[in-house]
Amino acid sequence: MRFFARLRAIPVSYRVPILVALLMVAISAVISERVLDRLSRTQESFIDGLAGSYLDGLTAAVLPAVLRGDVWEVFDALDRSQRSYQALSPIEAVVTGADGKVLAATDPTRIPSFSELPEAYASRYGARTVTFDREADTGFAFRDLVYQGQKIGAIHTAFDASHIFAERREILATLLVTNGILAAIFSLGGFLLVRRMIEPMRVLEDHMRAAANGVAEPISSREFPSRGGEVASLFNGYNALVHAERERANFAMQLAEEEKLASLGRLASGMAHEINNPLGGLFNAIDTLKTHGRTPGVRDTSISLIERGLNGIREVVEAALATYRPERSARPLSADDLEDVRVLMKPELRRRRQRLDWQVDWPAEVAATIPGGPVRQAVLNLLLNASAATPEAGAVGLRVERTADQLTISVSDEGPGMPKDSIAMLSDEDPGPAVRTGRGLGLWMVRRMVDACGGKVDVEAGPSGGSVVTLVLPIPEETRNERSHAA
Amino acid sequence: MTLRYPATSQVLDRRSALAFCGGAALSFALAPGRASAQEGFKFGLTPVFLSNDLELLALLRAFLTEAIGEPVELVSRRTYQEITALLVAGQLHAAWICGYPYVQFKSELDLVATPSWHGKPLYQSYLIAAADRPTERWEELKGDIHAFSDPDSNSGFLVTRALLAENGLKPEGFFARTFYTYGHRNVIRAVASGLAQSGSVDGYVWDVMREMEPDLVNQTRIVRRSEWLGFPPVASPRALAGDQRITRLKDALTAMDRHEDGRKVLALLRLDGFVATEPALFDTIAAKVDTVRRFG
């Protein structure tokens, strides 16, 4: 199992050639085994035939002499036969008589006439005509001499089989070398072929990885295979996907921009109203100054009135500046941000004659550690949505709780309840489908902020109708540590 | 009628003829019936005859045919006994036989001529053993497997038999085993190969073969040489005493060294020539027969 697991870990461009090579080795082993088996059987039957005719010849030559017990004639026949059967390379032949004793051997100095045949001779034969002793490279054959149905003696022969085994070894070596070369060629070819085949897949894989990291680039025409086919259509499909994704992203950006402009418009008109309100008072005060400026009491009152009116205008302008100046959005969230939201919301609330329940628990000693800009924007978006959902003269609520490790922001309204798509966009695992409906980009920006902070969103029905959207944002570990060190 | 060698013998090369026949049974023994044919001169050859060289046989036949004036048929058999029997029975006109059968059938045979070797019609019998065997005395051959040439051979059997008899021994008691090879060359091969540890062999054959096949003969050495004995003679049946062909044969043989073809034959046989000898030349052999007879 571990072997297969390891095998799977090897890249395909190496795995396939290795498998091809292994297959070649297996095939060559089987073929070699068959060839050698066939060869050895052919050789053995050939040798059997040769040995059979050798024994036939010997039998015919020595039988009369054995009958007479004529030592010389038997020896003479054996001596001549050794030269007549060169193909078999006889080493030795021994003829025994009816009593089992040696009549004559081709080498009488080793096996003298009239001696007992050595034990080893009787036990060296197998079932076949020829028995091979591979260690000694020798073949043995045996034949009873039968005359008129009676055994009158026997012939024992041994011959050199080294050329047979040498031939086998030679063929084995040839097979191994040939198959080794073939296996090498096939595995190299397989390697190159597979490399070539999976090259487009690799291109696609690289692009997919890049896309997963946020940079989806279409596959350039250079990397397209010269001939069309499946790969080309696959690449085309991928490129179409990339283009569609880009269009969608552009569209979403455009929508976000529009949404931003729309809310900006709403805020701007609210702000104009906010500025316009004190302006009437200011002009009145200026008129009063023009007319009764010489009266110290009236003048002081008017100047004070003008000052407060201008302060109110400045607050509004500063809040707007803080919201729409990007360089200011990177600093940590602070109570001022929430105050800014309150200021920004004021005109809209007033327009709709709504009340804001403001419950911010922001202990002064606790440092803010969450990026201020996105959170403020998110809170503003939620409050604007809540205000839009709540009927005129209703109430919206903001509740902020700050503990050591998390920040909880709840926005409540008195509306008819949030649409499903909006809830899904805020709290579903995969907000994709909800986003694709193209609605509620303000909420989408909230969701993106929460995801970026690693927090979560809950949407539930409020105690007196309407909805409560709760953002839970964890305060990052390192910033808490920094804080404790600082403390 | 013409005499031809059977085709089978002609395909035998010189080497295999030597190896196979080994001074014994000539495979080109003529077709049955020839021997008993009335026409033609039948000349018997025993294995004492040195070589089975086809060239020699052709030369000898041509020489004898010319000398006798009619076709000559050369008759060979495996054993001495067969040739001797044919000769005594009158089925051969003459034969080159051994001194031992001659003395056995002295009353029925006439001497025609005897070969002369090194200037004398004499030869020896050798007891031989393997060349690497440090044997100096024949008594040390006791217990051997011994190769004899032929039971009717003087040098290849009788001499050793008589030697043992003189010492109160018999071959079957002195030697562990004995066997016959029916050819002097075969005795040398048997001893050289180790099939036999010692052998009784014709000294003339051993000496001449040492020139022709030194590799074989030098694997053996002489343990004992016998005294000089009458060389195997050419004899004819006494019944043919008046036959002109026998006279012509005798004249031709004794004059062989003066005839061109005859000298070729003699050169192949390594002989000086043929001489007319008295039967007394073989008395020493007869004495050995007596010794053996007395002992057994």
Per-residue Cβ counts within 10 Å, from other chains only, averaged over B:192-205: what number is that? 3
With the contact rule set at Cα under 8 Å and sequence spacing of 6 or more, what percent relative contact order holds for chain A? 9
Inter-centroid distance (Cα atoms) of segment A:37-53 relative to segment A:201-255, Å: 69
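Relative contact order (percent) for segment A:218-324, with alpha-carbon contacts under 8 angstrom and 6 or more residues of separation?
On the way: 44 pairs, mean separation 21.3, N = 107.
Relative contact order of segment A:218-324: 20 percent.
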Take every DSSP beta bridge with both residues inside segment B:125-226 and express the antiparallel ones as a percent of the total, to the nearest 5. 60
Give the angle, between 0 and 90 degrees and rounded to the nearest 10, that separates the Cα long axis of helix A:477-486 from the longest principal axis of the Cα atoms of chain A. 60
Using only Cα atoms, tell me the angle between helix A:12-68 and the longest principal axis of chain A; keep it within 0 to 90° and round to the nearest 10. 10
As a Kirkwood estimate from alpha-carbon pairs, the protein assembly as shown has a hydrodynamic radius in angstrom of 39.5
Expected-Rg normalisation [2.2 N^0.38 Å, Cα atoms] applied to segment A:218-324: 2.30
I'd like to know which of B:LEU163, B:SER125, B:SER193 lies farthest towards the positive end of the charge dipole of segment B:125-226, counting +1 on Cβ of Lys and Arg and -1 on Cβ of Asp and Glu. B:LEU163
B:GLN124: net charge of surrounding residues, Cβ under 10 Å, Lys/Arg +1, Asp/Glu -1, itself excluded? -1
Convex hull of segment A:2-173 built on C-alpha atoms - directionally averaged projected area, nm²: 13.8
Here the equivalent ellipsoid of segment A:150-221, derived from its Cα gyration tensor, has semi-axes (largest first, whole Å) of 67, 12, 7
Under 20 Å from the A:SER45 label point (7 Å along Cα→beta-carbon), backbone N, segment A:80-98: A:88
Which entries in the list B:LYS42/B:LYS264; A:LYS420/A:LYS456; A:LYS290/A:LYS346 go over 29 Å, if you measure between the two C-alpha atoms of each? A:LYS290/A:LYS346
May I ask you to sort A:LEU398, A:LEU22, B:LEU216 by Cβ crowding, counting other Cβ atoms within 10 Å and putting the fewest first? A:LEU22, B:LEU216, A:LEU398
What distance in nm separates the simple spin-label points at A:ASN284 and A:ALA5, each placed 7 Å from Cα in the Cβ direction? 8.4
Grab the beta carbon distance between B:ARG225 and B:GLU70, set R0 = 51 Å, and tell me the FRET efficiency rounded to 0.05. 0.75
Along the dipole axis of chain A (charges at Cβ: +1 for Lys and Arg, -1 for Asp and Glu; origin at the Cα centre), the most positive-end residue among A:GLN43, A:LEU145, A:ALA404 is A:ALA404
Among A:PRO296, A:ILE219, A:GLY237, whose Cα sits farthest toward the positive end of the charge dipole of segment A:215-313 (+1 at Cβ of Lys/Arg, -1 at Cβ of Asp/Glu, about the Cα centre)? A:PRO296
Rounded to the nearest whole Å³, what is the per residue volume of the convex hull around the Cα atoms of segment B:125-226? 79
Compare the peptides B:196-205, A:136-145, A:450-459, B:220-229 by average per-residue count of other Cβ atoms within 10 angstrom and give them in order, highest first. B:196-205, A:136-145, B:220-229, A:450-459
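Mind checking the dipole of segment A:2-173: about its Cα centre, +1 per Lys or Arg Cβ, -1 per Asp or Glu Cβ, Debye to the nearest 20?
Here the size comes out at about 1280 debye.
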Distance in nm between A:LEU241 and B:GLN244 label points, each 7 Å along Cα→Cβ, equals 13.1
What is the mean number of Cβ atoms from other protein chains located within 10 Å of the Cβ atom of each residue in peptide B:239-249, rounded to a whole number? 0
With the Cα gyration tensor of segment B:215-296 in hand, convert its eigenvalues to equivalent ellipsoid semi-axes via √(5λ) and list them largest first in whole Å. 29, 24, 10
With the Cα gyration tensor of segment A:101-221 in hand, convert its eigenvalues to equivalent ellipsoid semi-axes via √(5λ) and list them largest first in whole Å. 74, 13, 11
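Going by average Cβ density within 10 Å per residue, which order do the peptides A:252-262, A:401-411 take, highest to lowest?
Output ranking for A:252-262, A:401-411: A:401-411, A:252-262.
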To the nearest 20 debye, what charge dipole does the protein assembly as shown have about its Cα centre, counting +1 at the Cβ of each Lys and Arg and -1 at the Cβ of each Asp and Glu? 760
Using a 10 Å cut-off on Cβ atoms, rank the peptides B:252-262, A:117-127, A:57-67 from the highest mean neighbour count down. A:57-67, B:252-262, A:117-127
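A short reminder: the numbers here are calculations on the coordinates, not readings from a lab. The model shown is predicted, which means the values in this text are computed figures rather than measured ones. FYI the Cβ positions are ideal-geometry reconstructions off the backbone, even for glycines, and counts take in every protein chain you see.
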